[in-house]
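Worksheet: the structure to be examined is printed underneath.
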Amino acid sequence: MADDKDVLRDVWFGRIPTCFALYQDEVTEKEAEPFYLLLPRVSYLTLVTDKVKKHFLKAVKPEDVEEMWFEYEGTPLKWHYPIGVLFDLHALNTALPWSITVHFKNFPERDLLHCLSNSVIEAHFMSCIKEADALKHKSQVINDMQKKDHKQLWMGLQNDKFDQFWAMNRKLMEYPTEEGGFRYIPFRIYQTMSDRPFIQKLFRPASPEGHTHTLGDLLKEMYPAAIAHDGDAKKYQVLIQGIEPLLETPLQWLSEHLSHPDNFLHVCILPVQHRRTLALSDPFCSFLREEISSPLQ
């Protein structure tokens, strides 16, 4: 893969200032003060909120404690979506810090998957990586890795260790020079205005004639309404890692540099009236915009 380590590092260390508050009907003997945390965009809610749980358990009767879950403005937050995807989908208009409500009762069975331990998160994470590598390399890379290599990927994410994770993940981002890219691009397209969880289909990084496919090419195929035609007002905002990449950006470059640790490129499409300021730090956003405007340099 192209050596743009600064991009990879800045994506990894993207953070969202967040304020957690206990649901008012679950407060019992004493008032629960809000808990503030910088959430890593590339991780999962249930993986980084142990401190949140310990903080609020002090204000809840033991007999009232069930499984902890989170919601934002009435919407239960799916723990198996990366945090950055949840924020981009649901919190575009929010003023930072992002306000998340914590629950210990009335788990929404129809909306959320249970997550009673980190082993559940690990199983989901590794399943996604294996699925992504099946698309990219026919599973050859992930199958050639040893169990300790798989564990290194997971521990790198769990412990927020960039170098530990990327020392192994780099192998999943490589491809033979003569092939010019992955077999297929692992991607998922999310929409707030659809009951469908996400769009995921086979899409190559280049055409049979050798034409490099861009983000715009992917959208034309999967969600053409997101492309504004000449003279038409822009209807949708397309976000990857909290920013709007240029539609001319090659998909292969995006997949190598803006994918989440699960190796999927998560694309959020939202109505343009939901526009907001960027969630990541301004220095990172300006730097990343410069990088994606000329990814082939």
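The values are calculated or read from the model by the stated rules, or taken from the named source; none is laboratory data. Values in this document were obtained by computation on a predicted structure and should not be read as measured data. Note that each Cβ is placed from the backbone with ideal geometry, even for glycine, and that neighbours are counted across all protein chains shown. Note: areas computed on protein heavy atoms with side chains; ligands, DNA, RNA excluded. Shrake-Rupley method; radii C 1.70, N 1.55, O 1.52, S 1.80 Å.
Do we find a residue being without any contact (Cβ under 8 Å) to a residue 40 or more places away in the chain, part of a helix (DSSP H, G or I) and more than 18 Å from Pro271 (Cα to Cα) anywhere in the stretch 201-213?
Within the stretch 201-213, not a single residue is without any contact (Cβ under 8 Å) to a residue 40 or more places away in the chain, part of a helix (DSSP H, G or I) and more than 18 Å from Pro271 (Cα to Cα).
When you check Ala2 against the structure, is it buried (at least 17 other Cβ atoms within 10 Å of the Cβ), touching a His at 6+ places or on another chain (Cβ under 9 Å) and modelled with pLDDT under 95, yes or no?
No.
As a summary of the residue check, Asp25 satisfies the conditions (1) outside any loop (DSSP other than H, G, I, E, B); (2) open to solvent by 20 Å² or more (accessible area, probe 1.4 Å); (3) farther than 30 Å from Gly180 by Cα; (4) at pLDDT 95 or above except for the one numbered (4).
Does the stretch 237-257 contain any residue that is of a type in the set (Asp, Glu) and in contact (Cβ under 8 Å) with a residue 40 or more places away in the chain? Steps first, answer last, please.
From the stretch 237-257, those of a type in the set (Asp, Glu) are 244, 248, 256; that's our starting set.
In the following step, the residues that additionally are in contact (Cβ under 8 Å) with a residue 40 or more places away in the chain were identified as 256.
The answer is yes; a qualifying residue exists.
When Lys220 is tested against (1) in a strand (DSSP E or B); (2) out of contact with any Lys or Arg (no Cβ under 9 Å at 6 or more places or on another chain); (3) modelled with pLDDT of 95 or more, just one condition goes unmet, and that condition is (1).
Scanning the stretch 177-192 for residues that are more than 30 Å from Leu77 (Cα to Cα) and open to solvent by less than 30 Å² (accessible area, probe 1.4 Å) turns up Gly181, Phe182.
Here's the yes/no breakdown for (1) in contact (Cβ under 8 Å) with a residue 60 or more places away in the chain; (2) over 18 Å from the mean Cα position of the chain (by Cα); (3) surrounded by fewer than 17 Cβ atoms within 10 Å (Cβ to Cβ):
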{"site": "Tyr36", "(1), (2), (3)": "yes, yes, yes"}
{"site": "Val42", "(1), (2), (3)": "yes, no, no"}
{"site": "Asp50", "(1), (2), (3)": "no, yes, yes"}
{"site": "Lys54", "(1), (2), (3)": "no, yes, yes"}
{"site": "Glu66", "(1), (2), (3)": "no, yes, yes"}
{"site": "Trp79", "(1), (2), (3)": "no, no, no"}
{"site": "Ile83", "(1), (2), (3)": "yes, no, no"}
{"site": "Ala95", "(1), (2), (3)": "no, yes, yes"}
{"site": "Ser99", "(1), (2), (3)": "yes, yes, yes"}
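Residues are listed down the side, and each one gets a yes or a no for (1) touching a helix residue (DSSP H, G or I) at 6+ places or on another chain (Cβ under 7 Å); (2) open to solvent by 20 Å² or more (accessible area, probe 1.4 Å); (3) modelled with pLDDT of 95 or more:
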| site | (1), (2), (3) |
| --- | --- |
| Lys148 | no, yes, yes |
| Asp163 | no, yes, yes |
| Ile199 | yes, no, no |
| Glu209 | no, yes, no |
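Can you tell which of Asp195, Asp217 is surrounded by fewer than 17 Cβ atoms within 10 Å (Cβ to Cβ) and among the charged types (D, E, K, R)? Of the residues listed, the single one that is surrounded by fewer than 17 Cβ atoms within 10 Å (Cβ to Cβ) and among the charged types (D, E, K, R) is Asp195.
Out of the residues in the stretch 39-72 meeting the condition of being in a helix (DSSP H, G or I) and of a type in the set (Lys, Arg), tell me which one is farthest from Leu96 (Cα to Cα). The extreme case among them is Lys54.
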